[in-house]
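Report on the structure given below.
What follows is calculated from the coordinates using simple rules that are stated; it is not laboratory data. The model shown is predicted, which means the values in this text are computed figures rather than measured ones. In this analysis, Cβ positions are derived from the backbone assuming ideal geometry, glycine residues included, and neighbour counts consider all displayed protein chains.
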Amino acid sequence: MRVLGIDPGLAITGYAVVDDVEGTPRARAYGAIRTPAKVPVAERLARIYEEMCEIVRRFTPDVMAVERLFFGRNVTTAFLVGQARGVVLLCAAHHRIPVTEYKPAEIKQALVGYGNAAKHQVQYMVQAQLALEEIPRPDDVADALAVAVCHIITGGFLARLNTQGEP
């Protein structure tokens, strides 16, 4: 199984292509889609969509695992992240790729064993699980790797559990 992990954002959308090799996650590719702040939002969203679709065409993932939006105090930022997330989901729908979503606490629980783990603990576990020489940067890339590894570790169990009882 090939998982495309996504940490959506308007300025930086982290992505990670991770293969499940007999239950062991193996990083195939990872990076960031960056959009300049001075460009209109619509053009930034179009760029995210186009680059995401190119990644999908290049790596043909079986599933997309996306970090679920966490609403903080900054409503404007949440809306912008939501818009970026929307174009990522649109790309998945256009390519008929199933999408699973994980809450930040679920990702931390799967990787570290503790739902309130610190960011550096998650990053260390991503590095260890994938046998990487260093922690991926920026943080958005490490987060995309984390959501992909979470999906492989849980076998999609958390995603199925979260959809139980939803209409």
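Structure data summary
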read-out: Cβ charges +1 (Lys, Arg) and -1 (Asp, Glu), total dipole of the chain, debye; value: 320 debye
read-out: Among 136-147, 108-119, the order from most to least packed when residues are scored by Cβ within 10 Å on average; value: 136-147, 108-119
read-out: Acute angle (nearest 10 degrees) that the helix 119-129 long axis makes with the longest principal axis of the chain, alpha-carbon atoms; value: 60 degrees
read-out: Global form of the chain, assessed from the alpha-carbon gyration tensor, a/c cut-off 1.5; value: rounded
read-out: Cα gyration tensor, segment 112-154 - rounded (a/c under 1.5), prolate or oblate; value: rounded
read-out: Exposure proxy ranking, count of Cβ atoms within 10 Å, fewest first, for I6, I152; value: I152, I6
read-out: Under Karplus coefficients 6.51, -1.76 and 1.60, residue-wise ³J(HN,Hα) of segment 82-93 in Hz, glycine/proline x; value: x, 5, 4, 4, x, 6, 5, 5, 4, 4, 4, 5
read-out: Those GluC sites (Glu not before Pro) in segment 58-157 that DSSP places in a loop and that have at most 14 other beta carbons within 10 Å; value: E133, E134
read-out: Selected from L80, H120, G155, residue furthest toward positive end of dipole (segment 2-162; charges at beta carbon); value: L80
read-out: Hz values of 3J(HN,Hα) by residue in segment 141-152 - Karplus curve (6.51, -1.76, 1.60), Gly and Pro given as x; value: 6, 4, 5, 5, 4, 4, 5, 5, 5, 4, 4, 5
read-out: Cα gyration tensor category, rounded, prolate or oblate, for segment 35-113 with a/c compared to 1.5; value: oblate
read-out: Sorted by Cβ density within 10 Å, fewest first, the residues C53, C91, C150; value: C53, C91, C150
